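Peer 1: Submitted below is the structure of interest, expressed as structure tokens.
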Amino acid sequence: MMHAFERFGLLINDRIVRTPVGIASMAGIVDAAYVLERAAHIGFAFIGGYSIDAPTMAAAKAIAAGGNRKEFLYEDPVQELRAQIALFEKSDVVPGINLRGSLPDSFSSLAKALGDSVIYEIDAHCRQPAMVNAGCGEYYLNNPDKLVAVVRALKGEGVTVSVKMRVGVADDDRALAAALWKAGADILHIDLMDAGSAKLRQIRNSCPLLIIANNSITGFDRMKEMLQHGADLVSLARHSDERTLAGLDAAITRYADEEGWYNAPKQICRGGDIRGLAFCCMPVKECPLIPTLSRIGLPREDYIRLKLDAVRGTPLEHGSQTCFGSLAFCCKNSSPCMFRNMTLKQHNISPKEYMRLKRDLSETIMSRVFP
Ligand SMILES: Cc1cc2nc3c(=O)[nH]c(=O)nc-3n(C[C@H](O)[C@H](O)[C@H](O)COP(=O)(O)O)c2cc1C
Ligand code: SF4
Ligand code: SF4
């Protein structure tokens with residue numbers, strides 16, 4: 001597992017995530033048994049959705065009775081979830097539980113009963129009318145204060161919190177992401193519908209949370225597009241068959257081993273998110289760096305100092321023959337450059353190591369932009 005940490009650097013709920021590919025919940029279908037059958041190919045999974053209080057349990061019964069959709073039905077959610085969670089004990093899949101509840105208290109009392117071994121995912125996604133009328137699922141996206149209250153209640157119990165949301169429902173997805181970050185959420189699990197990577201980039205640029213991108217991730221090209229625009233992980237629901245999961249796991253593992261930074265952003269001028277500042281030059285010409293700096297409120301001199309301070313004492317400090325005297329301001333290794341490559345060679349830095357160091361630099365930049 002240490003090898004996986006070196007490869008992806010992913011830690012959730014104090015556990016190493018073996019691969020950034022996981023399973024998203026499907027009510028009545030994705031339980032622990034479903035996940036364990038696919039455990040060899042995934043790093044994390046959200047089982048559920050599980051209804052956890054009287055209004056949502058009644059909604060689940062009504063939906064199941066309608067005959068078109070499956071639901072998990074039980075009399076005692078604590079007992080059911082305890083049994084499900086116990087099944088993960090010997091697995092290295094990082095488990096999460098996707099929950100439908102109508103009040104902050106429903107979530108916090110569940111967390112009190114079950115403890116902190118799982119990620120608590122608030123279902124702010126479901127659009128079944130019975131669930132929305134019960135005050136959960138998409139209801140939360142239209143009532144962000146209530147969603148924030150649930151996040152706060154769960155964080156009060158000291159557990160790791162994910163919010164499963166669909167884009168294009170809340171008034172402003174960026175403002176919602178920022179509010180959830182400030183309320184203490186750890187993960188945004190985002191169903192992008194058909195919104196595309198520009199939407200993902202906007203959310204990435206609004207908060208420093210771990211982002212799981214979801215919807216129609218069926219091949220490596222789409223997965224890579226998500227990772228290049230701000231996602232840390234991807235999840236699959238409808239296509240969470242062994243073959244697809246195994247293919248994505250193998251492809252991203254190979255890619256990470258070759259490239260060094262598995263979710264490296266594009267450069268800012270090529271549509272990258274703000275992590276791409278790690279590849280930006282000195283601000284000496286009119287290019288997208290300038291409006292990006294003013295949007296995030298980082299004066300040019302602070303940007304220069306931030307990068308120089310961040311690389312001091314690291315191999316990125318070298319680069320007297322490069323455009324700006326330091327590898328801190330050098331481009332992504334996909335942009336060919338003789339001067340950068342000469343410097344890397346001189347100091348025995350492999351291209352993969354160069355990208356890892358840029359990843360460290362981007363983390364420092366992100367923590368400065370989102371203190
Ligand atoms: C049958 C079914 C049940 C679902 N149940 C839930 C649920 O309980 N909670 C939730 O957050 N999302 C639920 N989803 C949404 C999925 O997790 C996922 O966001 C969506 O299907 C898009 O991803 P995909 O293209 O990988 O399927 C469900 C989806 C399906 C198809
Ligand atoms: S500073 Fe360089 S890498 Fe950054 S946006 Fe401008 S041209 Fe692109
Ligand atoms: S030396 Fe090459 S890699 Fe570095 S900033 Fe100049 S063009 Fe980019």
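FYI, it's all coordinate maths here, none of it is from the lab. Keep in mind that this is a model prediction, so the values were computed, not measured. Neighbour counts are summed over all protein chains in view; Cβ atoms, including those assigned to glycine, are modelled from backbone coordinates with ideal geometry.
Peer 1: In the chain, with Lys and Arg counted as +1 and Asp and Glu as -1 at Cβ, which of these residues, Leu154, Ser294, Asn263, has the Cα nearest the positive end of the dipole, that is, farthest along it?
Peer 2: Of the options given, the answer is Ser294.
Peer 1: Against the 2.2 N^0.38 Å scaling, with N counting residues, where does the stretch 117-237 land? I'd like the Cα-based Rg ratio to two decimal places. Provide the component values of the computation, followed by the final result.
Peer 2: Working: Rg = 13.6 Å, N = 121, 2.2 N^0.38 = 13.6 Å.
Normalised Rg, Cα atoms only: 1.00.
Peer 1: OK, next. Can you compute the radius of gyration and Dmax for the stretch 1-120, using only the Cα atoms, both in Å?
Peer 2: For the stretch 1-120, the Cα radius of gyration and maximum Cα-Cα distance read 15.1, 48 Å.
Peer 1: Quote the charge dipole size of the chain about the Cα centre in Debye, to the nearest 20; the model charges only the Cβ of Lys and Arg (+1) and of Asp and Glu (-1). The partial results should precede the final answer.
Peer 2: On the way: 44 positive and 42 negative charges, 244 e Å.
Using Cβ point charges on Lys, Arg, Asp and Glu, the chain gives about 1180 debye.
Peer 1: Let me ask something else about it. How long are the semi-axes of the equivalent ellipsoid of the stretch 289-331, defined as square roots of 5 times the Cα gyration tensor eigenvalues? Whole Å, largest first.
Peer 2: Each semi-axis is √(5λ); the values are 21, 11, 7 Å.
Peer 1: Over the stretch 201-358, what lengths in whole Å, largest first, do the semi-axes of the equivalent ellipsoid take, defined as the square roots of 5 times the eigenvalues of the alpha-carbon gyration tensor? Mind dumping the intermediate values first?
Peer 2: Working: eigenvalues 185, 80, 27 Å².
Computed over the stretch 201-358, the values are 30, 20, 12 Å.
Peer 1: Run the numbers on the stretch 262-371 and let me know its relative contact order in percent, using alpha-carbon pairs under 8 Å that are six or more apart. Let's see the in-between values first.
Peer 2: Working: 119 pairs, mean separation 32.0, N = 110.
Relative CO of the stretch 262-371 lands at 29 percent.
Peer 1: Roughly how tilted is helix 144-155, in degrees to the nearest 10 and between 0 and 90, from the longest Cα axis of the chain?
Peer 2: With both axes taken from Cα atoms, the answer is about 90 degrees.
Peer 1: Place a +1 charge on the Cβ of each Lys and Arg in the stretch 113-254 and a -1 charge on the Cβ of each Asp and Glu, then give the dipole magnitude about the Cα centre in debye, rounded to the nearest 20.
Peer 2: Details: 16 positive and 18 negative charges, 50 e Å.
With Lys and Arg at +1 and Asp and Glu at -1, about 240 debye.
Peer 1: Distance between Cα centroids, the stretch 1-72 to the stretch 202-277: provide it in whole Å.
Peer 2: Each part's Cα centre sits 19 Å from the other's.
Peer 1: With N set to the number of residues, divide the alpha-carbon radius of gyration of the stretch 141-208 by 2.2 N^0.38 Å and report two decimals.
Peer 2: Values: Rg = 11.5 Å, N = 68, 2.2 N^0.38 = 10.9 Å.
Normalised Cα radius of gyration, the stretch 141-208: 1.06.
Peer 1: Lysines near Lys345 by alpha-carbon distance under 21 Å, same-chain residues fewer than 8 away left out - which ones?
Peer 2: By straight Cα distance, Lys345 reaches Lys332, Lys358.
Peer 1: How are the alpha carbon pair distances in the chain distributed across 20 Å bins from zero to the largest one, expressed in percent?
Peer 2: P(r) for the chain, in whole percents per bin: 29, 54, 16, 1.
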